[in-house]
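Structure first, then comments.
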Amino acid sequence: MNTHDYLEIGGRKLISRLFTGSGKYSIDSIIPQIVEASGCEVVTVALRRVDFDRAGSNILSHIPGSVQLLPNTSGARNADEAVRIARIARAAGCGNWIKIEVISDNKYLLPDGYETAKTTEILADEGFVVLPYISPDLMVAKSLVDAGASAVMPLGAPIGTNKGLKTKELIKILINEISLPVIVDAGIGAPSHACEAMEMGAAACLLNTAIASSDDPVAMARAFKLAIQAGRAAFCAGTGAQREYAAASSPLTGFLFPNE
């Protein structure tokens, strides 16, 4: 793949298009191995999991300093709570990147598009690099573009389900209609799912459960790295058009025995 095929967000050029989470691992000390195996350059962390008063048990101590930290507003139920969490994260030294999660639905954990757009507008005006997590709704995505988001992050399936791209057709619409990078987030459960997302033009994928819940998280992280690279290479190469009927690879002329 062309080494100049960067993904640029918030003024940072990223070579890897795989973002990873930092939750659900049996031990946080495995995170550096996950980062190395996956090649990821962006790691998201829930601020509510960070204990700044206990350095030894602070999850941030296990995240390599070379990666871009992406705090998220997990636990926020409305815009006010999400804005407060983002401001705390920046004041605590976590930088100005923020993943917006505003979820008041405790059963399906679906994001609130209206509150997400409100949060995005406030934080973008304050200089944050805002990456909002959304359902793949075109009108919500357009409102986020207007609000100053740096990317949109539609779910492939409900978070943590590992079901894959159940919203594929809706994500395609966002890819075709939104000028911002579209990063598929949530629901991806296998490398083939990530590869498919990249093949259809997603800018990147963010995943956590698929790696953390596997039998061998480090090996699975490596598998996802390869899947993301393969999918991106296929998209850049341009996949062949689908046909209704069969088409021979070789011409149906010049048979060895034309008279038989």
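The values are calculated or read from the model by the stated rules, or taken from the named source; none is laboratory data. In this text, all values refer to a predicted model and were calculated from it rather than measured experimentally. FYI the Cβ positions are ideal-geometry reconstructions off the backbone, even for glycines, and counts take in every protein chain you see. Accessible surface is based on the protein model in full, side chains and every heavy atom, while ligands, DNA and RNA are left aside. Shrake-Rupley method; radii C 1.70, N 1.55, O 1.52, S 1.80 Å.
Values for this structure:
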quantity: In region 108-126, the residues that are of a type in the set (Asp, Glu) and either out of contact with any strand residue (DSSP E or B) (no Cβ under 6 Å at 6 or more places or on another chain) or at pLDDT 95 or above (or both); calculated: Glu115, Glu121, Asp125, Glu126
quantity: Top-ranked residue of region 64-82 - restricted to ones that are of a type in the set (A, V, I, L, M, F, W, C) and crowded, with 22+ Cβ neighbours inside 10 Å, ranked as farthest from Ile103 (Cα to Cα); calculated: Leu70
quantity: Matching residues in region 148-163 - criterion: being of a type in the set (Gly, Ala, Ser) and farther than 10 Å from Val184 by Cα; calculated: Gly148, Ala149, Ser150, Ala151, Gly160
quantity: Filtered residues of region 149-165 (kept if at pLDDT 95 or above and surrounded by fewer than 17 Cβ atoms within 10 Å (Cβ to Cβ)); calculated: none
quantity: Tally of residues being surrounded by fewer than 21 Cβ atoms within 10 Å (Cβ to Cβ) and under 15 Å from Gly23 (Cα atoms) across region 218-237; calculated: 1
quantity: Boolean, Ala186 is touching a residue at least 40 places away in the same chain (Cβ under 8 Å), farther than 20 Å from Ala237 by Cβ and of a type outside the set (S, T, N, Q); calculated: yes
quantity: Test: residue in region 148-167 that is free of Cβ contacts under 8 Å to residues at least 60 places away in the same chain and either among the acidic types (Asp, Glu) or farther than 23 Å from Arg17 by Cα (or both); calculated: no
quantity: Hits in region 10-43 - residues which are buried (at least 22 other Cβ atoms within 10 Å of the Cβ) and either at positive phi or not in a helix (DSSP H, G or I) (or both); calculated: Arg17, Leu18, Phe19, Thr20, Gly21, Ser22, Cys40, Val42, Val43
quantity: Residue in region 193-204 that is out of contact with any Leu (no Cβ under 7 Å at 6 or more places or on another chain), at pLDDT 95 or above, at positive phi and open to solvent by less than 20 Å² (accessible area, probe 1.4 Å) present; calculated: yes
quantity: Residue pairs meeting the criteria (Cβ under 6 Å; at least 6 apart or on separate chains; first farther than 18 Å from Pro181 by Cβ, in region 87-105; second assigned to a helix (DSSP H, G or I) and of a type in the set (Gly, Ala, Ser)); calculated: Val102/Ala82
quantity: Region 225-236 residues that are under 12 Å from Asp5 (Cα atoms), paired with ones that are at pLDDT below 95 and open to solvent by 50 Å² or more (accessible area, probe 1.4 Å) (beta carbon under 7 Å, 6 or more apart); calculated: Gln229/Met1; Arg232/Met1; Ala233/Met1
quantity: Cβ-Cβ under 8 Å pairs, at least 6 apart or on other chains, region 19-41 side farther than 14 Å from Asp216 by Cβ and at pLDDT below 90, far side open to solvent by 50 Å² or more (accessible area, probe 1.4 Å) and not polar (S, T, N, Q); calculated: Ser22/Arg49; Gly23/Arg49
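To keep it simple, each residue is scored yes or no on (1) in contact with a helix residue (DSSP H, G or I) (Cβ under 7 Å, 6 or more places away or on another chain); (2) surrounded by 18 or more Cβ atoms within 10 Å (Cβ to Cβ); (3) of a type in the set (Val, Ile, Thr); (4) at pLDDT below 95.
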position: Ile88; (1), (2), (3), (4): yes, no, yes, yes
position: Ala92; (1), (2), (3), (4): no, no, no, yes
position: Gly95; (1), (2), (3), (4): no, no, no, yes
position: Asn106; (1), (2), (3), (4): no, no, no, yes
position: Phe128; (1), (2), (3), (4): yes, yes, no, no
position: Leu131; (1), (2), (3), (4): no, yes, no, no
position: Ala141; (1), (2), (3), (4): yes, yes, no, no
position: Ile173; (1), (2), (3), (4): yes, no, yes, no
